[in-house]
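S.K.: Attaching a single structure in C-alpha cells format; questions to follow.
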Amino acid sequence: KSRVVIIGAGIVGTNLADELVSRGWTNITVVEQGPLSIPGGSTSHAPGLVFQTSPSKTMSLFARYTVSKLLSLEEDGQACFNQVGGLEVATTPARLEELKRKLGYASSWGIEARLVSADECLKLYPLLNRNLVLGGLHIPSDGLALAARAVQLLITRTRKAGVCYLGSTPVTSIQQGGGRVTGVVTPNGTIPADIVISCAGFWGVEVGAMVGLPIPLLPLAHQYVKTTAVPALAGRNNSPNGASLPILRHQDQDLYYREHGDQYGIGYYGHRPMPIVASSLGVTKDVDEKHMPSRLDFTSKDFDPAWKISRELLPALQKSEIADGFNGIFSFTPDGGPLLGPSPALDGFYVAEAVWVTHSAGVARAMAEVLTTGRSSIDLSECELSRFEDVQLSPAYVSETSQQNFTEVYDIIHPLEPRESPRNLRVSPFYTRQRELGAFFLETGAWERPHWYKANAKLLKDLPPRWRPVERDAWSARYYSPIVAVEAWKTRTAVAMYDTTPIRRIEVSGPGAVDLLQRLSTGDVSKEPGTITFALLLNDHAGIRSDVIIARLEEDLFQIGANSFVDVVYLTQEALRQGQHTPSRWAQVRDITSGTCSIGLWGPRARDVVNSVSTDDFTNKGLPYFHAKRAKIAGIPVTLLRMSYVGELGWDIHTSADHGQRLWDALWQAGQPQGVIAAGRSAFNALRLEKGFRSWGVDMTTEHDPHEAGVAFAIQAGKQGYVGQATFERRSKQTPVRRLRCLTIKDGRSVVLGKEPVYFDGRAVGYITNAAFGYTIGKPIAYAWLPSRVVEGDTVEIEYFGRRIQASVTPEPVYDPQMSRLHG
Ligand code: FAD
C-alpha cells in the first residue's frame, strides 16, 4: 500500500486525508508546521463564505460537493455549514445583467437560484438600503463554512481511521530517488513516502522549490474586519459567530458581508494588491486567533473607502465602528484557478493549492480520485498544475497577472475579454504581416491570436445578402466584428490563410513511437508513412483526455496536433515509462510548437494558390485527404497536412519558424489572383462548428466518453490494447444517458456565447458548450449537452439574460455532411 504524506493541515489537506481514508487508503501522515489545534494558515481565519456559482462548471461542482460534505460533517448536532443562503445585490444596471448571466450558470450547473427584485432583496435582507439596490440573485443553498471547526472534526475522524498527524513539524525538504519522491524531511527526522501531496496553501511556492517545481501562485493580503456590536443585530444570533441573514455580496464595490453574532464581518477586495513572500513570514510559535503567520497587521487607510460604502449599503452600521481588522493572506493565480495535479517532472509528487474553502472538499475528492483511480469524475483541465506555458511561470508574470486577478475578482468579465498586460509574450512569425493587415488580437496560452483583420472590412460591401451578419445584442457584440462574416464567406467561396501556429505540435520519434501511440491513442497509427489519423487519448475510464491528429511522417517519426501542455506531459511520461520497461522501444517526445509555425490554407481555390508556387503534386492522387507529405513551396521546405479544421479543401502547411514570414508572403502573393484573404479565429470557430468538429476542453472532456460526445468514429474498429479499451467496449453496449447535440436557433438571429442553460419540457436539463453564428447556413449554431431523451427534431429553449430562445435539435454536421468539400 502506498505511503502517503500530506503537507499542510488546512481545509484542503485534512479533507484530502478524509477522502483518501473513505477510499480505503490509511497509510497517511499529515505534516503541519503550525500547532494542529490552530495551524495558522489561511483556513485558521477564513470567514468561510461559500458562494457556489461561477462561470466554471468544475468550480461550481467543487463548491456543491463542499456544501454537502460540510453539512454532513457534524458533532453534537451541529454541522460545519450554516446554510443561511447567499444574496448578491446589484447596484448598477450592468451588475443586474451580470446576475442574469449568473442565474444561467447556476441553472446550468444544477444550483437552485432565483433573481429577486429590490423589494424581495429587502425582505430577505431588511438591513439593506432600498435606495441603492436594484435587484439581486438569491441562492438558498449558499452559506457559511465553519472551516476551522471542520478541520478539527476531520482530524479527529481520520485519526480514528489511522491517519497520523504531526503538528509543529515543518517539512524542510523532499527526499527523491530514481525520479520519484521517497520521503519528506523534517527537523524530527525523515518520513518515508511513495506519494507526497503539497496542500501548503500560500506556502506552495516554497514547498515547490524543494523539488525545483515552479508554483504559479502569489500570496496576497486581503482585508477583513469585524465591527463593534450592531444594535440592529442584537439578539438575533448566537455569539460569537452565529448568523442568520444570507451571506451578502456587493460586488459593484468589491465587498462582502456576514454576521458574527451581533457584529458584522466585512471583506474587501477594492484595496491595492499587497503581495507577500511566504518565506519572509517565519513560523509563529504561539499561534492564537489573533497571532498567526497568515494574519498581518491591519492597514486601516486601505479600508476607508470600504467602510464608507458599507455604511451606505447597510445604514445600521452607522451606529457601530470597526472593532478589529487584519490583512489576511491567501493565494491568487494567473488565471484565478486552483493548482491541482502531479508534478510533470517528479513521480509521486502532487499539488493541491490555491484552493478556496468554498471548493476545498470538492478539490480533495477530485485529488483522492486521481490518486486512487487515476482520474477525477469532474473535469480538471482548467485546474491542472501543468496548464501553464513556460513563459507563464516566470515570477514577474505570476505576480502581475495574479495581482490583476485580485483587482478583478468581483469584476464583470466578458468570456472573450483579454488581459491588457502582459501581452505580446508569444507571437507567430507572421505577426508583422498580421499587424499590417489590422489584426484584432486576443490572447490564449500567452499567444497573440488574430480574431479578424480590419483589412477585410473593404470586402463588406461585396458580401452577398445571404451572408450578411445579423445585428447582435450588446453582450454578444463585444469582441466581435461583422468582418468575420466576410472571412467566413471568403473561406467557403475562395481561399483564406489562417495562422494555426498556436495549435500545439508535438513530435514523437524513435523505435518505440508506434508502440507508444498505438497504446495511448484510439487510432491505428501503424499505417504507412504519409498517413494521418484522427484519434482520441482516453483514460482508463474511457473519458476523453484529448483529441489528436497524428501524422506519420516517417517510419519512426510522427507529428501530433494536440491540445494543451498537459498532453505533452502525458506523452513524455508514458514514453519514459515505456523506455524504462523496454529500453529497445524508447521514444522521444518533443514539443515543437515554438520552433515551428503553420498556415491553414483553406478554401475551394487553395489548390490554385499552391500550384502557382510549387511543382509538387497537390492533386487528390498526389496528396489525398488525410495524408501528409514534405514539399517545397516557393523553395521553402514545408510539411503539408491535407486536412482542415474549417471543412474546406486545403492543407495545414508547416515549416520552421525562420521560414515563416517568407512562407506567408509567398502564399499571400500567389493567392492574390484567387482573392486570398487572411482570416482569424472568429471565422475559424464558426466554420469549425458548422462542420461539427469538437473542441476539446469545451465540448468534451474527461467527463465524457466517445459515444456521448459523438466521436466514437475515432476508435479504430477492432483495435486492441489501447488505454480505455475495456471501458469503451463495455460502454458500447449501453445506451448513453446524455449526448452532445447540435442546435440551430429558430429565430435565425440570437447568438449565445456558451454555458447557458438549456430547457426542455420547462426544466433545465443541460447546457451550451460552444456557439457561433453559422454564416454558411445563415443562422446561429450551438452545441449542448442534453439527456438522450432529447432527440433530433425536438425543440429546446436556451436561457440568455433571462430570455428563452427556441432552438431545434438538428442532425449534424450542418455543413457538408458528405465531406465533398474536404475531399476536393
Ligand atoms: P492553509 O489553510 O493555508 O493550509 C496550508 C497549511 O500548510 C498551513 O496550515 C501551513 O502551516 C502548512 N504548511 C505550509 N508549508 C508547510 C511546510 N513546509 N511544512 C508543514 N506544513 C506547512 N475562502 C472562501 O472560500 N470563502 C471566504 O469567505 C474566504 N474568505 C477569506 C478571507 C480572508 C481574510 C482570507 C485571507 C482568505 C479567505 N478565503 C476564503 C480563502 C481561504 O481561506 C483559503 O483559500 C483556504 O483556507 C486555503 O486552504 P488551504 O488548506 O489550501 O491552506
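The values are calculated or read from the model by the stated rules, or taken from the named source; none is laboratory data. Worth saying up front: this structure is predicted, and the values here are computed from it rather than measured. Virtual Cβ from ideal backbone geometry, glycine too; neighbours counted across all protein chains shown. What goes into the accessible areas is simple: the full protein's heavy atoms, side chains included, and nothing from ligands, DNA or RNA. Shrake-Rupley method; radii C 1.70, N 1.55, O 1.52, S 1.80 Å.
S.K.: To the nearest 0.05, what FRET efficiency results for Tyr479 and Thr432 with a Förster distance of 30 Å applied to their C-beta separation?
M.R.: The value I calculate is 0.85.
S.K.: Per-residue counts of other Cβ atoms within 10 Å, averaged by peptide: what ranking do you get for 53-64, 74-85, highest first?
M.R.: Per-residue mean Cβ counts within 10 Å order the peptides as 53-64, 74-85.
S.K.: For the chain, what does the helix formula give at 222 nm: sum of -39500 (n - 2.57) over DSSP H segments with n ≥ 4, over the residue count, nearest 500 deg cm²/dmol?
M.R.: That calculation yields -7000 deg cm²/dmol at 222 nm.
S.K.: Can you check what the net charge comes to around Leu740, using other residues whose Cβ is under 12 Å from the Cβ of Leu740 (Lys, Arg +1; Asp, Glu -1)?
M.R.: Local net charge: -1.
S.K.: Counting just the Cα atoms, what span does the range 549-652 cover along each of its three principal axes? Round to the nearest Å and put the largest first.
M.R.: 49, 25, 23
S.K.: Using 0.36 nm times the number of residues separating Ala323 and Ser612, minus their current alpha carbon distance, what extension gain do you get?
M.R.: Working it through step by step, the gained length comes to 96.2 nm.
S.K.: Still on this model: Mind ranking 633-641, 407-415 by how tightly packed they are, going by the mean number of other C-beta atoms within 10 angstrom, highest first?
M.R.: Ranked from most to least packed, the peptides come out as 633-641, 407-415.
S.K.: Within a Cβ distance under 10 Å of Gln806, other residues only, what is the Lys/Arg minus Asp/Glu net charge?
M.R.: Overall, the nearby charge balance is 0.
S.K.: Give me the distance between the Cα centres of the range 715-791 and the range 244-283, rounded to whole Å.
M.R.: 40
S.K.: Tell me, what is the FRET efficiency for Asn424 and Lys632 to the nearest 0.05, using R0 = 30 angstrom and their Cβ-Cβ distance as r?
M.R.: Between Asn424 and Lys632 the formula returns 0.40.
S.K.: Would you mind telling me the share, in percent, of accessible area of the range 771-816 contributed by carbon and sulfur at probe 1.4 angstrom?
M.R.: It is 47 percent, rounded to a whole number.
S.K.: OK, next. Counting only Cα atoms, I'd like the Rg/Rh figure for the chain, Kirkwood definition for Rh.
M.R.: That ratio is 0.98, to two decimals.
S.K.: Now for a different question. Could you tell me which of the pairs Lys461/Lys691; Lys746/Lys779; Lys69/Lys226; Lys490/Lys629; Lys102/Lys755; Lys69/Lys102 are separated by over 19 angstrom between their Cα atoms in the structure shown?
M.R.: As for pairs spanning more than 19 Å Cα to Cα, those are Lys461/Lys691; Lys69/Lys226; Lys490/Lys629; Lys69/Lys102.
S.K.: State, as an integer percentage, the relative contact order of the chain based on alpha-carbon contacts under 8 Å between residues 6 or more apart.
M.R.: 11
S.K.: Of all accessible surface on the range 371-432 at a 1.4 Å probe, what whole percent is carbon and sulfur?
M.R.: 48
S.K.: Using the per-residue mean of other Cβ atoms lying within 10 Å as a proxy for protection, in what order, highest first, do the peptides 370-380, 596-606, 169-179 fall?
M.R.: 596-606, 370-380, 169-179
S.K.: Something else now. Given points 7 Å out from each Cα along the Cα-Cβ axis, report the Arg730 to Arg763 separation in nanometres with one decimal.
M.R.: Calculated label separation equals 2.8 nm.
S.K.: Rounded, prolate or oblate for the range 399-489? Axes are the square roots of the Cα gyration tensor eigenvalues, ordered a ≥ b ≥ c, and the cut-off for rounded is a/c under 1.5.
M.R.: It comes out oblate by the Cα gyration axes.
S.K.: Go through Thr701, His654, Gly179 and say which Cα lies farthest out towards the positive end of the charge dipole of the chain; charges sit on Cβ, +1 for Lys and Arg, -1 for Asp and Glu.
M.R.: Most positive-ward Cα: His654.
S.K.: Is the range 318-463 rounded, prolate or oblate when judged by the Cα gyration tensor, a ≥ b ≥ c being the square roots of its eigenvalues, rounded requiring a/c under 1.5 and prolate requiring a/b larger than b/c?
M.R.: Verdict is oblate for the range 318-463.
S.K.: With a sphere of radius 12 Å drawn around the Cβ of Glu321, what net charge do the other residues whose Cβ falls strictly inside it have (Lys, Arg +1; Asp, Glu -1)?
M.R.: +2
S.K.: So for the chain, taking the charge dipole from beta-carbon charges (+1 Lys/Arg, -1 Asp/Glu), which of Ala686, Pro273, Leu380 sits furthest toward the positive end?
M.R.: It is Ala686, whose Cα lies furthest towards the positive end.
S.K.: Going by a ≥ b ≥ c, the root eigenvalues of the Cα gyration tensor, does the range 386-537 fall in the rounded group (a/c under 1.5), the prolate group (a/b larger than b/c) or the oblate group?
M.R.: Since a/c reaches 1.5 but b/c is at least a/b, the shape of the range 386-537 is classed as oblate.
S.K.: Leaving ligands, DNA and RNA out of it, report the carbon-plus-sulfur percent of the accessible area of the range 566-678 at a 1.4 Å probe.
M.R.: In the range 566-678, the share of accessible area belonging to carbon and sulfur is 53 percent.
S.K.: May I ask for the distance between the Cα centers of the range 356-427 and the range 292-319, given as a whole number of Å?
M.R.: Each part's Cα centre sits 29 Å from the other's.
S.K.: Please enumerate, by chain and number, the aspartates and glutamates with C-alpha under 17 Å from the C-alpha of Lys632, excluding those fewer than 8 residues away in the same chain.
M.R.: Straight-line reach from Lys632, under 17 Å: Asp608, Asp616, Asp617, Asp652, Asp658, Asp665.
S.K.: Between the range 191-232 and the range 640-714, how many Å separate their Cα centres?
M.R.: 41
S.K.: Could you work out how much longer the chain between Ala234 and Glu75 gets when fully extended? Use 0.36 nm per residue separation minus the Cα distance between them, nm to one decimal.
M.R.: 54.5 nm
S.K.: Moving on. On a full-extension model of 0.36 nm per residue, what is the gain between Glu555 and Ala455, subtracting their alpha-carbon distance, rounded to one decimal in nm?
M.R.: Length gained, Glu555 through Ala455: 31.7 nm.
S.K.: Further question: Tell me the per residue accessible area of the range 681-741 using a 1.4 Å probe; a whole number in Å² is fine.
M.R.: 42
S.K.: Separate question: Enter the accessible area per residue of the range 155-201 (Å², integer; probe 1.4 Å; all protein chains in place).
M.R.: 44
S.K.: Here is a further query. What accessible area per residue, rounded to a whole number of Å², is obtained for the range 418-484 using a probe radius of 1.4 Å?
M.R.: For the range 418-484, the solvent-accessible area averages 51 Å² per residue.
S.K.: If I take all pairs of Cα atoms in the range 747-824, what percentage of them are more than 18 Å from each other?
M.R.: 41
S.K.: Could I ask something else about it? For the full complex of protein chains and a 1.4 angstrom probe, list His581, His138, His823 by accessible area with the highest value first.
M.R.: Ranked from most to least accessible, the order is His581, His823, His138.
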